[in-house]
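Here's the structure we're looking at; comments come further down.
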Amino acid sequence: MMKTMKIKFRTDDEEEFDIELKPCPFCGNENIELLCMEDHHTKTKKVTVRCRNCEVEKTTTGAIGLNTKFLVDNIVQWWNNRFEKNKP
Ligand SMILES: [Zn+2]
């Protein structure tokens, strides 16, 4: 049975929150990583969710001042919905 991963995500401003990620919608791998990057040159913040097995990834980009949790929630929701629609 596929299980939902619970991870603690810590932002650059030391804000920590729990998120739940479903396995990869393409290969079923449960080893998923979530990365947050700030680009001060383009003034954007990027949150990427990535499968460590098949390397499928999806990135969401927002303005650097945007709340990180908002972006993370956004990408996590996309990922989890994608899994529901496209169960491996
Ligand atoms: Zn995968």
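With the convex hull built on the Cα atoms of region 5-85, state its orientation-averaged projected area in nm². Spell out each step's value before the answer.
Details: hull surface 20.1 nm².
Directional mean of the projected Cα hull area for region 5-85 stands at 5.0 nm².
For each of V47, V72, V56, count neighbouring Cβ atoms within 10 Å of the residue's Cβ, then give the residues from fewest to most.
Working: V47 25, V72 19, V56 16.
So the ranking, lowest neighbour count to highest, is V56, V72, V47.
With r as the distance between the Cβ atoms of K87 and D18 and R0 = 25 Å, compute the FRET efficiency 1/(1 + (r/R0)^6) and round to 0.05. If you can, show how the numbers build up before the last one.
On the way: r = 24 Å, r/R0 = 0.95.
Efficiency, from the Cβ-Cβ distance: 0.60.
Angle between the Cα long axis of helix 68-85 and the longest principal axis of the chain, 0 to 90 degrees, nearest 10?
For helix 68-85, the angle is close to 20 degrees.
Relative contact order of region 5-85: what whole-number percent is it, with Cα pairs under 8 angstrom and at least 6 residues apart? All intermediate terms of the calculation are to be shown ahead of the outcome.
Numbers: 136 pairs, mean separation 20.2, N = 81.
Result for region 5-85 is 25 percent.
Charges only on Cβ, +1 for Lys and Arg, -1 for Asp and Glu: so what's the dipole of region 5-85 about the Cα centre, in debye to the nearest 20?
That gives a dipole near 320 debye.
Which GluC sites (Glu not before Pro) from region 23-84 combine a DSSP loop assignment with at most 13 other Cβ atoms within 10 Å?
On the way: sites: E30, E33, E38, E55, E57, E84; in loops: E30, E55.
Here the sparse-neighbourhood loop sites are E55.
Within straight cross-link reach of K8, meaning Cα distance under 17 Å, which aspartates and glutamates are found once same-chain residues fewer than 8 apart are removed?
E16, D18, E20, E30, E33, D73
Which value at 222 nm does the chain reach when only helices count, each DSSP H run of 4 or more adding -39,500 (n - 2.57), with the total divided by all residues and rounded to the nearest 500 deg cm²/dmol?
Details: 1 runs with 18 residues, N = 88.
Dividing the helical sum by the residues of the chain leaves -7000 deg cm²/dmol.
Figure the gain on full extension for K3 and E57 (residue separation times 0.36 nm, minus the Cα-Cα span) and round it to one decimal in nm.
Details: separation 54, 0.36 × 54 = 19.44 nm, distance 1.95 nm.
Stretched out fully, the K3 to E57 stretch lengthens by 17.5 nm.
Every number in this text was worked out from the coordinates using simple rules, so none of it is lab data. The structure presented is a predicted model; accordingly, all values stated were derived computationally and were not measured. We place every Cβ from the backbone using ideal geometry, glycine too, and count neighbours over all the protein chains shown.
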